[in-house]
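Please read the structure below before turning to the comments.
The values are calculated or read from the model by the stated rules, or taken from the named source; none is laboratory data. None of the values given here were measured: they were computed from a predicted structure. All Cβ positions, glycine included, derive from the backbone under ideal geometry; neighbour counts span all protein chains shown. With ligands, DNA and RNA removed, areas are computed over all heavy atoms of the protein, side chains included. Shrake-Rupley method; radii C 1.70, N 1.55, O 1.52, S 1.80 Å.
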Amino acid sequence: MSKVIIIGAGGVANVTAKKCAQNDGVFSEVLIATRTVSKADRIVEEIGEHFPNSKTKFSTATVDADNVPELVKLIEGFGPEMVINLALPYQDLTIMDACLETGVHYLDTANYEPKDVAKFEYSWQWAYQERFKEKGLMALLGCGFDPGATQAMAAYHAKHHFDEMHYLDIVDCNNGDHGKAFATNFNPEINIREITANGRYFEDGEWVETAPLEISQDIYYPKVATRKSYVLYHEELESLVKNFPTIKRARFWMTFGDPYIKHLNVLEGIGMTSIEPIDFKGQRIAPIEFLKAVLPAPESLAANYTGQTCIGVQVKGKGKDGEDKVHFIYNVTDHAETYKEVQAQGISYTTGVPAMIGAMLMLRGEWMQPGVWNVEQLDPDPFFAAMNRWGLPLEELSGIELVK
Ligand code: NDP
(Lines give C-alpha, C1' and ligand atoms only; values in the text may rest on other atoms or scores of the structure.)
Protein backbone atom coordinates (compact mmCIF):
# COMPACT_ATOMS: atom_id res chain seq x y z
CA MET A 1 0.00 0.00 0.00
CA SER A 2 1.62 3.21 -1.18
CA LYS A 3 1.23 6.96 -1.09
CA VAL A 4 2.08 8.86 -4.27
CA ILE A 5 1.90 12.43 -5.54
CA ILE A 6 0.76 13.03 -9.12
CA ILE A 7 1.90 16.41 -10.43
CA GLY A 8 -0.30 17.88 -13.18
CA ALA A 9 -4.03 17.52 -13.76
CA GLY A 10 -4.29 17.42 -17.55
CA GLY A 11 -5.38 14.67 -19.94
CA VAL A 12 -2.72 12.16 -18.91
CA ALA A 13 -2.97 12.79 -15.15
CA ASN A 14 -6.73 12.22 -15.36
CA VAL A 15 -6.14 8.71 -16.71
CA THR A 16 -3.30 7.80 -14.33
CA ALA A 17 -5.32 8.97 -11.30
CA LYS A 18 -8.34 6.89 -12.36
CA LYS A 19 -6.14 3.85 -13.00
CA CYS A 20 -4.66 4.29 -9.50
CA ALA A 21 -8.25 4.32 -8.20
CA GLN A 22 -8.92 1.03 -10.01
CA ASN A 23 -5.66 -0.41 -8.61
CA ASP A 24 -6.41 0.43 -4.97
CA GLY A 25 -4.49 -2.61 -3.70
CA VAL A 26 -1.29 -0.77 -4.65
CA PHE A 27 -2.19 2.92 -4.46
CA SER A 28 -3.66 3.69 -1.04
CA GLU A 29 -3.33 7.49 -1.09
CA VAL A 30 -2.89 9.85 -4.02
CA LEU A 31 -2.37 13.61 -3.84
CA ILE A 32 -2.95 15.38 -7.19
CA ALA A 33 -0.99 18.64 -7.10
CA THR A 34 -1.07 21.10 -9.96
CA ARG A 35 -1.10 24.73 -10.99
CA THR A 36 -4.88 25.09 -11.44
CA VAL A 37 -6.28 23.10 -8.55
CA SER A 38 -9.87 23.15 -9.86
CA LYS A 39 -8.74 20.68 -12.58
CA ALA A 40 -7.46 18.27 -9.93
CA ASP A 41 -10.69 18.71 -7.94
CA ARG A 42 -12.68 17.82 -11.06
CA ILE A 43 -10.69 14.57 -11.51
CA VAL A 44 -11.32 13.62 -7.88
CA GLU A 45 -15.05 14.37 -8.27
CA GLU A 46 -15.21 12.13 -11.33
CA ILE A 47 -13.41 9.36 -9.47
CA GLY A 48 -16.11 9.59 -6.80
CA GLU A 49 -18.81 9.30 -9.51
CA HIS A 50 -17.25 6.57 -11.65
CA PHE A 51 -15.26 4.51 -9.14
CA PRO A 52 -17.32 4.77 -5.95
CA ASN A 53 -15.95 1.52 -4.53
CA SER A 54 -12.28 2.47 -4.82
CA LYS A 55 -10.48 2.45 -1.47
CA THR A 56 -7.78 4.86 -2.72
CA LYS A 57 -7.92 8.15 -0.77
CA PHE A 58 -7.53 11.21 -3.02
CA SER A 59 -6.70 14.79 -2.13
CA THR A 60 -5.62 17.85 -4.14
CA ALA A 61 -3.21 20.76 -3.74
CA THR A 62 -1.85 23.74 -5.64
CA VAL A 63 1.80 23.74 -6.59
CA ASP A 64 4.08 25.61 -8.95
CA ALA A 65 6.29 22.80 -10.19
CA ASP A 66 8.86 25.28 -11.54
CA ASN A 67 9.65 26.15 -7.93
CA VAL A 68 11.82 23.64 -6.03
CA PRO A 69 11.21 24.96 -2.46
CA GLU A 70 7.44 24.83 -3.09
CA LEU A 71 7.73 21.25 -4.32
CA VAL A 72 9.89 20.26 -1.35
CA LYS A 73 7.29 21.66 1.05
CA LEU A 74 4.52 19.80 -0.74
CA ILE A 75 6.41 16.48 -0.73
CA GLU A 76 7.47 16.82 2.91
CA GLY A 77 3.92 17.66 3.93
CA PHE A 78 2.42 14.57 2.26
CA GLY A 79 5.24 12.03 2.70
CA PRO A 80 4.84 9.94 -0.48
CA GLU A 81 7.09 7.11 -1.66
CA MET A 82 7.23 8.54 -5.15
CA VAL A 83 6.21 11.40 -7.42
CA ILE A 84 4.56 10.71 -10.78
CA ASN A 85 5.35 13.76 -12.90
CA LEU A 86 2.55 14.38 -15.42
CA ALA A 87 3.07 18.12 -15.75
CA LEU A 88 5.02 19.32 -18.78
CA PRO A 89 8.55 18.39 -19.89
CA TYR A 90 9.70 21.85 -18.69
CA GLN A 91 9.20 20.77 -15.07
CA ASP A 92 11.21 17.51 -15.12
CA LEU A 93 14.41 18.87 -13.59
CA THR A 94 12.83 20.91 -10.81
CA ILE A 95 10.74 17.88 -9.80
CA MET A 96 13.81 15.60 -9.92
CA ASP A 97 15.67 18.12 -7.72
CA ALA A 98 12.81 18.13 -5.21
CA CYS A 99 12.71 14.32 -5.18
CA LEU A 100 16.44 14.18 -4.43
CA GLU A 101 16.07 16.71 -1.64
CA THR A 102 13.19 14.85 0.00
CA GLY A 103 14.33 11.26 -0.69
CA VAL A 104 11.43 10.05 -2.89
CA HIS A 105 11.39 8.12 -6.16
CA TYR A 106 10.49 9.74 -9.50
CA LEU A 107 8.73 8.84 -12.77
CA ASP A 108 7.83 10.94 -15.83
CA THR A 109 6.48 10.44 -19.36
CA ALA A 110 8.53 12.88 -21.44
CA ASN A 111 12.14 14.04 -21.49
CA TYR A 112 13.14 17.44 -20.14
CA GLU A 113 12.89 20.30 -22.59
CA PRO A 114 14.09 23.83 -21.99
CA LYS A 115 11.32 26.36 -22.68
CA ASP A 116 13.37 28.47 -25.06
CA VAL A 117 14.75 25.79 -27.46
CA ALA A 118 12.87 22.81 -28.90
CA LYS A 119 15.55 20.26 -28.07
CA PHE A 120 14.77 16.64 -27.34
CA GLU A 121 17.54 14.80 -25.57
CA TYR A 122 18.14 12.87 -22.38
CA SER A 123 21.49 14.47 -21.49
CA TRP A 124 20.03 16.73 -18.78
CA GLN A 125 18.25 13.89 -17.03
CA TRP A 126 20.96 11.26 -17.52
CA ALA A 127 23.25 13.71 -15.68
CA TYR A 128 21.27 12.90 -12.49
CA GLN A 129 22.42 9.24 -12.58
CA GLU A 130 25.02 9.43 -9.77
CA ARG A 131 22.90 11.63 -7.50
CA PHE A 132 19.92 9.24 -7.63
CA LYS A 133 22.19 6.21 -7.17
CA GLU A 134 23.99 7.70 -4.17
CA LYS A 135 20.69 8.40 -2.44
CA GLY A 136 19.32 4.93 -3.21
CA LEU A 137 16.51 6.50 -5.26
CA MET A 138 15.07 5.51 -8.63
CA ALA A 139 14.09 7.84 -11.48
CA LEU A 140 12.20 6.18 -14.33
CA LEU A 141 12.23 8.31 -17.48
CA GLY A 142 9.57 8.39 -20.17
CA CYS A 143 7.09 5.77 -18.97
CA GLY A 144 4.12 6.66 -21.18
CA PHE A 145 3.43 4.89 -24.48
CA ASP A 146 5.95 6.48 -26.82
CA PRO A 147 8.29 6.91 -25.03
CA GLY A 148 7.56 4.11 -22.61
CA ALA A 149 5.66 1.08 -23.85
CA THR A 150 7.55 1.26 -27.17
CA GLN A 151 10.83 0.72 -25.29
CA ALA A 152 9.35 -2.20 -23.34
CA MET A 153 8.31 -3.63 -26.74
CA ALA A 154 11.91 -3.26 -27.98
CA ALA A 155 13.18 -4.96 -24.81
CA TYR A 156 10.61 -7.75 -25.29
CA HIS A 157 11.77 -8.25 -28.89
CA ALA A 158 15.37 -8.48 -27.62
CA LYS A 159 14.53 -10.84 -24.76
CA HIS A 160 12.14 -13.23 -26.54
CA HIS A 161 12.61 -12.96 -30.31
CA PHE A 162 16.01 -11.69 -31.42
CA ASP A 163 19.66 -12.51 -30.89
CA GLU A 164 20.49 -9.28 -32.69
CA MET A 165 18.09 -6.44 -33.53
CA HIS A 166 19.18 -4.63 -36.72
CA TYR A 167 16.31 -2.48 -38.00
CA LEU A 168 13.85 -0.95 -35.54
CA ASP A 169 10.77 1.05 -36.57
CA ILE A 170 8.36 2.58 -34.08
CA VAL A 171 5.00 3.31 -35.71
CA ASP A 172 2.29 5.48 -34.21
CA CYS A 173 -1.09 5.74 -35.91
CA ASN A 174 -4.03 7.74 -34.68
CA ASN A 175 -6.93 6.85 -36.93
CA GLY A 176 -9.38 8.67 -34.71
CA ASP A 177 -11.77 11.48 -35.58
CA HIS A 178 -12.67 14.21 -33.08
CA GLY A 179 -14.73 16.23 -35.52
CA LYS A 180 -12.68 19.45 -35.16
CA ALA A 181 -10.93 21.20 -38.06
CA PHE A 182 -7.64 21.30 -36.18
CA ALA A 183 -6.70 20.18 -32.69
CA THR A 184 -3.82 18.36 -31.04
CA ASN A 185 -4.30 15.21 -28.98
CA PHE A 186 -2.02 16.24 -26.17
CA ASN A 187 -0.56 19.50 -25.00
CA PRO A 188 -0.56 21.61 -28.23
CA GLU A 189 2.66 23.41 -27.42
CA ILE A 190 4.59 20.18 -26.86
CA ASN A 191 2.93 18.45 -29.82
CA ILE A 192 3.54 21.23 -32.34
CA ARG A 193 7.14 21.74 -31.19
CA GLU A 194 7.73 18.04 -31.87
CA ILE A 195 6.20 18.01 -35.35
CA THR A 196 7.61 21.27 -36.67
CA ALA A 197 11.14 20.35 -35.61
CA ASN A 198 13.47 18.71 -38.15
CA GLY A 199 13.09 14.95 -38.50
CA ARG A 200 15.98 12.69 -37.49
CA TYR A 201 16.71 8.99 -37.61
CA PHE A 202 19.66 6.76 -36.80
CA GLU A 203 21.57 4.87 -39.47
CA ASP A 204 24.97 3.14 -39.40
CA GLY A 205 26.12 4.84 -36.22
CA GLU A 206 25.03 8.34 -37.22
CA TRP A 207 22.03 10.61 -36.92
CA VAL A 208 20.55 11.63 -40.27
CA GLU A 209 18.63 14.91 -40.22
CA THR A 210 15.62 15.57 -42.49
CA ALA A 211 13.36 18.55 -43.09
CA PRO A 212 10.12 18.38 -41.04
CA LEU A 213 7.83 15.61 -42.45
CA GLU A 214 10.22 15.07 -45.42
CA ILE A 215 10.10 11.24 -45.45
CA SER A 216 6.85 9.31 -45.66
CA GLN A 217 5.39 5.95 -46.67
CA ASP A 218 2.05 4.16 -46.46
CA ILE A 219 2.04 1.76 -43.53
CA TYR A 220 -0.57 -0.90 -42.78
CA TYR A 221 -1.64 -0.77 -39.13
CA PRO A 222 -3.23 -4.13 -38.25
CA LYS A 223 -6.94 -3.98 -37.40
CA VAL A 224 -7.00 -0.21 -38.04
CA ALA A 225 -6.03 1.15 -41.49
CA THR A 226 -3.33 1.85 -44.02
CA ARG A 227 -2.14 5.38 -43.38
CA LYS A 228 0.50 7.72 -44.71
CA SER A 229 3.16 7.97 -42.01
CA TYR A 230 6.02 10.45 -41.59
CA VAL A 231 9.48 10.16 -40.06
CA LEU A 232 9.81 12.33 -36.95
CA TYR A 233 12.50 12.47 -34.33
CA HIS A 234 11.31 10.94 -31.11
CA GLU A 235 13.24 10.90 -27.88
CA GLU A 236 13.25 7.15 -27.20
CA LEU A 237 15.41 6.61 -30.32
CA GLU A 238 18.35 8.12 -28.42
CA SER A 239 18.23 5.66 -25.54
CA LEU A 240 17.27 2.66 -27.69
CA VAL A 241 20.32 2.90 -29.96
CA LYS A 242 22.51 3.40 -26.89
CA ASN A 243 21.09 0.42 -25.02
CA PHE A 244 20.86 -1.90 -28.06
CA PRO A 245 24.14 -1.27 -29.91
CA THR A 246 23.39 -3.91 -32.63
CA ILE A 247 20.75 -1.57 -34.08
CA LYS A 248 21.81 -0.39 -37.56
CA ARG A 249 18.81 1.80 -38.24
CA ALA A 250 16.11 3.20 -35.94
CA ARG A 251 13.21 5.34 -37.10
CA PHE A 252 9.97 6.73 -35.67
CA TRP A 253 6.85 7.12 -37.85
CA MET A 254 3.63 8.97 -37.10
CA THR A 255 0.43 9.39 -39.13
CA PHE A 256 -0.96 12.82 -40.01
CA GLY A 257 -3.95 13.54 -42.20
CA ASP A 258 -3.64 16.06 -45.06
CA PRO A 259 -5.96 18.63 -43.37
CA TYR A 260 -3.83 18.50 -40.23
CA ILE A 261 -0.66 19.19 -42.20
CA LYS A 262 -2.36 21.95 -44.18
CA HIS A 263 -3.41 23.77 -41.00
CA LEU A 264 0.01 23.29 -39.48
CA ASN A 265 1.74 24.68 -42.59
CA VAL A 266 -0.42 27.78 -42.55
CA LEU A 267 0.06 28.33 -38.81
CA GLU A 268 3.80 27.89 -39.23
CA GLY A 269 3.87 30.12 -42.32
CA ILE A 270 2.38 33.03 -40.41
CA GLY A 271 4.58 32.51 -37.36
CA MET A 272 1.94 31.17 -34.99
CA THR A 273 3.99 28.10 -34.00
CA SER A 274 7.07 30.09 -32.99
CA ILE A 275 8.46 29.72 -29.47
CA GLU A 276 10.24 33.12 -29.77
CA PRO A 277 8.38 35.61 -27.54
CA ILE A 278 7.07 38.78 -29.20
CA ASP A 279 5.80 42.06 -27.66
CA PHE A 280 2.02 42.17 -27.56
CA LYS A 281 0.22 45.04 -25.81
CA GLY A 282 3.08 45.47 -23.38
CA GLN A 283 3.41 41.76 -22.69
CA ARG A 284 6.02 39.25 -23.87
CA ILE A 285 4.22 36.29 -25.36
CA ALA A 286 5.34 33.26 -27.37
CA PRO A 287 2.94 32.84 -30.34
CA ILE A 288 2.68 29.10 -29.70
CA GLU A 289 1.43 29.75 -26.16
CA PHE A 290 -1.27 32.02 -27.57
CA LEU A 291 -2.15 29.36 -30.14
CA LYS A 292 -2.50 26.84 -27.31
CA ALA A 293 -5.02 29.12 -25.63
CA VAL A 294 -7.08 29.30 -28.85
CA LEU A 295 -7.06 25.58 -29.73
CA PRO A 296 -9.45 23.09 -28.12
CA ALA A 297 -8.09 21.63 -24.88
CA PRO A 298 -7.01 18.02 -25.64
CA GLU A 299 -9.26 16.66 -22.88
CA SER A 300 -12.27 18.41 -24.45
CA LEU A 301 -11.92 16.20 -27.56
CA ALA A 302 -12.62 13.03 -25.64
CA ALA A 303 -16.43 12.93 -25.53
CA ASN A 304 -16.96 12.72 -29.29
CA TYR A 305 -13.84 10.88 -30.35
CA THR A 306 -14.28 7.79 -32.52
CA GLY A 307 -11.79 5.40 -34.13
CA GLN A 308 -8.63 3.71 -32.90
CA THR A 309 -4.95 4.19 -32.29
CA CYS A 310 -2.37 1.57 -33.24
CA ILE A 311 1.14 1.94 -31.86
CA GLY A 312 3.83 -0.68 -32.21
CA VAL A 313 7.43 -1.62 -32.84
CA GLN A 314 8.70 -3.60 -35.83
CA VAL A 315 12.11 -5.22 -35.59
CA LYS A 316 14.13 -6.97 -38.29
CA GLY A 317 17.26 -8.91 -37.41
CA LYS A 318 18.73 -12.26 -36.45
CA GLY A 319 16.16 -14.34 -34.58
CA LYS A 320 16.83 -16.63 -31.62
CA ASP A 321 17.13 -19.52 -34.11
CA GLY A 322 19.88 -17.72 -36.07
CA GLU A 323 17.54 -17.02 -39.04
CA ASP A 324 16.65 -13.52 -40.34
CA LYS A 325 13.19 -12.52 -39.17
CA VAL A 326 10.75 -9.64 -38.88
CA HIS A 327 8.41 -9.27 -35.91
CA PHE A 328 5.85 -6.65 -34.85
CA ILE A 329 4.38 -5.98 -31.39
CA TYR A 330 1.50 -3.51 -31.09
CA ASN A 331 -1.53 -2.27 -29.24
CA VAL A 332 -4.86 -1.07 -30.61
CA THR A 333 -6.90 1.30 -28.44
CA ASP A 334 -10.41 2.55 -29.15
CA HIS A 335 -11.14 6.21 -28.30
CA ALA A 336 -14.82 5.68 -27.49
CA GLU A 337 -14.04 2.78 -25.14
CA THR A 338 -11.45 4.76 -23.20
CA TYR A 339 -13.96 7.58 -22.87
CA LYS A 340 -16.50 5.18 -21.43
CA GLU A 341 -13.96 3.84 -18.95
CA VAL A 342 -12.08 6.93 -17.75
CA GLN A 343 -13.59 9.90 -19.65
CA ALA A 344 -10.47 10.35 -21.77
CA GLN A 345 -9.46 9.99 -25.41
CA GLY A 346 -7.10 7.21 -26.49
CA ILE A 347 -3.89 9.28 -26.58
CA SER A 348 -4.21 10.30 -22.94
CA TYR A 349 -5.18 6.72 -22.11
CA THR A 350 -2.23 5.08 -23.84
CA THR A 351 0.09 7.45 -21.92
CA GLY A 352 -1.62 7.44 -18.52
CA VAL A 353 -1.94 3.66 -18.15
CA PRO A 354 1.80 2.88 -18.60
CA ALA A 355 2.59 5.66 -16.09
CA MET A 356 0.43 3.89 -13.49
CA ILE A 357 2.01 0.55 -14.43
CA GLY A 358 5.59 1.89 -14.18
CA ALA A 359 4.81 3.35 -10.75
CA MET A 360 3.24 0.05 -9.64
CA LEU A 361 6.28 -1.97 -10.77
CA MET A 362 8.57 0.41 -8.89
CA LEU A 363 6.46 0.34 -5.73
CA ARG A 364 6.07 -3.46 -5.80
CA GLY A 365 9.85 -3.79 -6.14
CA GLU A 366 9.85 -5.55 -9.53
CA TRP A 367 11.51 -2.59 -11.23
CA MET A 368 12.88 -0.70 -8.24
CA GLN A 369 16.61 -0.01 -8.41
CA PRO A 370 18.66 3.09 -7.61
CA GLY A 371 19.67 5.32 -10.51
CA VAL A 372 18.13 6.92 -13.58
CA TRP A 373 16.59 4.41 -16.01
CA ASN A 374 14.94 4.24 -19.40
CA VAL A 375 12.17 1.69 -19.81
CA GLU A 376 14.06 -0.69 -22.14
CA GLN A 377 16.67 -1.26 -19.41
CA LEU A 378 14.07 -3.00 -17.22
CA ASP A 379 12.45 -6.45 -17.49
CA PRO A 380 9.63 -6.16 -20.05
CA ASP A 381 7.75 -9.27 -18.83
CA PRO A 382 5.97 -7.83 -15.77
CA PHE A 383 5.22 -4.70 -17.81
CA PHE A 384 3.63 -6.74 -20.60
CA ALA A 385 1.56 -8.71 -18.09
CA ALA A 386 0.37 -5.47 -16.51
CA MET A 387 -0.46 -3.87 -19.89
CA ASN A 388 -2.69 -6.83 -20.70
CA ARG A 389 -4.30 -6.64 -17.24
CA TRP A 390 -4.85 -2.86 -17.09
CA GLY A 391 -6.40 -2.06 -20.47
CA LEU A 392 -3.65 -1.98 -23.13
CA PRO A 393 -3.50 -5.53 -24.51
CA LEU A 394 -0.47 -6.27 -26.66
CA GLU A 395 -0.52 -8.31 -29.86
CA GLU A 396 2.20 -9.82 -32.03
CA LEU A 397 2.56 -10.44 -35.73
CA SER A 398 5.42 -12.41 -37.26
CA GLY A 399 6.81 -12.66 -40.78
CA ILE A 400 5.13 -9.62 -42.37
CA GLU A 401 7.18 -6.51 -43.11
CA LEU A 402 4.79 -3.62 -42.45
CA VAL A 403 7.43 -0.88 -42.64
CA LYS A 404 9.80 -1.02 -45.61
P1 NDP B 1 -1.76 18.85 -20.28
O2 NDP B 1 -1.31 20.14 -20.83
O3 NDP B 1 -3.15 18.36 -20.53
O4 NDP B 1 -1.53 18.82 -18.70
C5 NDP B 1 -0.38 19.31 -18.09
C6 NDP B 1 -0.71 19.62 -16.65
O7 NDP B 1 0.47 20.10 -16.00
C8 NDP B 1 -1.77 20.71 -16.50
O9 NDP B 1 -2.67 20.34 -15.48
C10 NDP B 1 -0.93 21.92 -16.12
O11 NDP B 1 -1.58 22.87 -15.30
C12 NDP B 1 0.15 21.28 -15.29
N13 NDP B 1 1.29 22.15 -15.20
C14 NDP B 1 1.95 22.79 -16.22
N15 NDP B 1 2.92 23.56 -15.73
C16 NDP B 1 2.87 23.43 -14.38
C17 NDP B 1 3.61 23.99 -13.31
N18 NDP B 1 4.64 24.84 -13.51
N19 NDP B 1 3.28 23.65 -12.05
C20 NDP B 1 2.28 22.77 -11.80
N21 NDP B 1 1.54 22.21 -12.77
C22 NDP B 1 1.85 22.53 -14.05
O23 NDP B 1 -0.72 17.75 -20.80
P24 NDP B 1 -0.96 16.19 -20.99
O25 NDP B 1 -1.69 15.64 -19.82
O26 NDP B 1 -1.45 15.94 -22.35
O27 NDP B 1 0.57 15.66 -20.94
C28 NDP B 1 1.24 15.46 -19.70
C29 NDP B 1 2.65 14.98 -20.00
O30 NDP B 1 2.61 13.76 -20.72
C31 NDP B 1 3.47 15.95 -20.87
O32 NDP B 1 4.78 15.99 -20.37
C33 NDP B 1 3.47 15.30 -22.23
O34 NDP B 1 4.60 15.64 -22.98
C35 NDP B 1 3.49 13.83 -21.83
N36 NDP B 1 3.01 12.91 -22.88
C37 NDP B 1 3.69 11.74 -23.07
C38 NDP B 1 3.29 10.83 -24.01
C39 NDP B 1 3.97 9.51 -24.10
O40 NDP B 1 3.46 8.62 -24.78
N41 NDP B 1 5.08 9.29 -23.46
C42 NDP B 1 2.14 11.10 -24.89
C43 NDP B 1 1.39 12.29 -24.53
C44 NDP B 1 1.86 13.18 -23.58
P45 NDP B 1 -2.72 23.88 -15.90
O46 NDP B 1 -3.93 23.06 -15.92
O47 NDP B 1 -2.74 25.00 -14.94
O48 NDP B 1 -2.23 24.28 -17.29
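Mind giving me the nanometre distance, one decimal, between the label points for Ile285 and Trp124, set 7 Å out from Cα along Cα→Cβ?
A separation of 2.5 nm, rounded to one decimal place.
Starting from the range 204-242, pick out the GluC sites (Glu not before Pro) whose DSSP state is loop and whose Cβ has at most 16 other Cβ atoms within 10 Å.
Those satisfying the criteria are Glu214.
Want the number for Ile270 to Val37: 0.36 nm per residue separation, take away the alpha-carbon distance, what's left?
80.4 nm
Got a sec? What order do Arg249, Arg364, Arg200, Arg131 fall in by accessible area at 1.4 Å, biggest, i.e. largest, first?
The residues order as Arg364, Arg131, Arg200, Arg249, largest area first.
Please compute the Cα-Cα pair-distance distribution of the range 355-397 with 10 Å bins starting at 0, giving whole percents from short to long.
26, 57, 16, 1
Taking the Cβ of Lys318 as the centre, find all other residues whose Cβ is under 11 Å away and add up their charges (Lys, Arg: +1; Asp, Glu: -1).
Numbers: positive: Lys316, Lys320, Lys325; negative: Asp163, Glu164, Asp321, Glu323, Asp324.
Here the charged neighbours net out to -2.
Roughly what % antiparallel, to the nearest 5, for the DSSP beta bridges in the chain? Mind dumping the intermediate values first?
Details: 47 of 80 bridges.
The antiparallel proportion sits near 60 percent.
By the scheme Lys and Arg +1, Asp and Glu -1, what is the net charge of all other residues having a beta-carbon under 15 Å from that of Phe78?
Charge balance in the 15 Å sphere: -2.
What shape does the range 198-313 take by its C-alpha gyration tensor, where a ≥ b ≥ c are the square roots of the eigenvalues and a/c under 1.5 counts as rounded, a/b above b/c as prolate, and the rest as oblate?
Taking the square roots of the gyration eigenvalues as a ≥ b ≥ c, the range 198-313 is oblate.
Which length gain, in nm to one decimal place, applies between Lys228 and Asp24 when the Cα-Cα distance is subtracted from 0.36 nm times their residue separation?
69.3 nm
Given R₀ = 45 Å, what would the calculated FRET efficiency be for Ala197 paired with Lys55, taking r from the Cβ atoms and rounding to 0.05?
0.55
Just the C-alpha atoms of the range 160-210: what Rg/Rh do they give, with Rh taken as the Kirkwood radius?
My calculation puts Rg/Rh at 1.10.
For the range 15-104, which trypsin sites (Lys or Arg not before Pro) are in a loop by DSSP, counting at most 14 other Cβ atoms within 10 Å?
Filter output for the range 15-104: Lys55.
Kindly provide the trypsin sites (Lys or Arg not before Pro) of the range 297-343 that DSSP labels as loop, not H, G, I, E or B, and whose Cβ sees at most 15 other Cβ atoms within 10 Å.
Passing sites in the range 297-343 are Lys320.
What is the gain in length, in nm to one decimal, between Val72 and Lys318 on full extension, counting 0.36 nm per residue of separation less the C-alpha to C-alpha distance?
Numbers: separation 246, 0.36 × 246 = 88.56 nm, distance 4.86 nm.
That works out to 83.7 nm of additional length.
Quick one: if you stick a label point 7 Å off each Cα along the C-beta vector at Ile215 and Asn304, how many nm between them?
My value for the distance between the label points is 3.8 nm.
Which FRET efficiency, nearest 0.05, do His263 and Met1 yield, Cβ-Cβ r, R0 56 Å?
Efficiency at R0 = 56 Å is approximately 0.75.
Considering only Cα-Cα distances, which of the following residue pairs are longer than 25 Å: Lys318/Lys404; Lys242/Lys404; Lys115/Lys180?
Pairs exceeding the cut-off: Lys115/Lys180.
Is the C-alpha gyration tensor of the range 254-295 telling us rounded, prolate or oblate? Criteria: a/c under 1.5 is rounded; beyond that, a/b larger than b/c is prolate, otherwise oblate.
Here the range 254-295 falls in the prolate category.
What does the accessible area per residue of the chain come to in Å², with a 1.4 Å probe and no ligands, DNA or RNA counted?
For the chain, the per-residue accessible area is 40 Å².
Give the shape of the chain as rounded, prolate or oblate, defined through the alpha-carbon gyration tensor: a ≥ b ≥ c are the square roots of its eigenvalues, a/c under 1.5 means rounded, and otherwise the shape is prolate if a/b is larger than b/c and oblate if not.
In terms of gyration-tensor shape, rounded.
Once both labels are modelled 7 Å past Cα along the beta-carbon direction, what's the Asp64-His166 spacing in nm?
If labels sit at Asp64 and His166, their model points lie 5.5 nm apart.
How large are Rg and Dmax for the range 1-127 when only the alpha carbon atoms are used, in Å?
14.3, 45
Excluding Leu100 itself, calculate the net charge of residues whose Cβ lies under 12 Å from the Cβ of Leu100, where each Lys or Arg counts +1 and each Asp or Glu counts -1.
Once positives and negatives cancel, what remains is -1.
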